[in-house]
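K.L.:
The structure follows.
Please treat every number below as a calculation from the coordinates, not as lab data. Just so we're clear, the structure is a prediction, and the values are computed from it rather than from any experiment. Because the Cβ atoms are built from the backbone with ideal geometry, glycine has one as well, and the counts that use them run over all protein chains shown.
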Amino acid sequence: MVGSVLLHPLVWSAAQRLWNDCRFRHAMAAAAEDVSGQMKQLTCRNDVPDTSFWQQAFLNATAEPGKPRLRWARRPQTKT
């Protein structure tokens, strides 16, 4: 099990209340929704559903106007 100290503050703040109530599945869903919302805000992409957003955001293709792409900041071998 992962300790809360290892979680990013954005993830833990969304999950903490539900996690402490032993509602683990709901806690992780809330955290995932917050991460997705944060990423959409950062990329100004509220025009697509979550799954499509992640697929488009990390696509290796060249970015199109209004559709920014995200790139891994480290070496490609360290994506874990």
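K.L.:
Compute the long axis of helix 24-43 from its Cα atoms, compare it with the longest principal axis of the Cα atoms of the chain, and write down the angle in degrees, 0 to 90, nearest 10.
P.N.:
Between the helix axis and the principal axis of the chain, the angle is about 30 degrees.
K.L.:
With loop defined by DSSP as not H, G, I, E or B, and exposure as at most 15 other Cβ atoms within 10 Å, which is the longest segment of the chain clear of exposed trypsin sites (Lys or Arg not before Pro)?
P.N.:
24-68
K.L.:
Using the Kirkwood radius over C-alpha pairs as Rh, can you work out the diffusion coefficient of the range 1-76 via Stokes-Einstein at 20 °C, viscosity 1.002 mPa s, in µm² per second?
P.N.:
Approximately 154 µm²/s, per Stokes-Einstein.
K.L.:
Restricting to Cα pairs below 8 Å that are 6+ residues apart, what does the relative contact order work out to for the chain? Please round to a whole percent. Provide the component values of the computation, followed by the final result.
P.N.:
Working: 49 pairs, mean separation 14.0, N = 80.
Computed value for the chain: 17 percent relative contact order.
K.L.:
Quick one: length gained pulling residue 7 to residue 25 fully straight, 0.36 nm per residue minus the C-alpha distance?
P.N.:
4.9 nm
K.L.:
Students often get this wrong: which residues of the range 24-40 have the backbone nitrogen under 19 Å from the point 7 angstrom along Cα-to-C-beta of residue 64?
P.N.:
Counting backbone N atoms under 19 Å from the label point, the list is 40.
K.L.:
Per the helix-only calculation at 222 nm, which mean residue ellipticity applies to the chain, given -39500 (n - 2.57) for every DSSP H run of n ≥ 4 and division by its residues, nearest 500 deg cm²/dmol?
P.N.:
Mean residue ellipticity, 222 nm, calculated: -16000 deg cm²/dmol.
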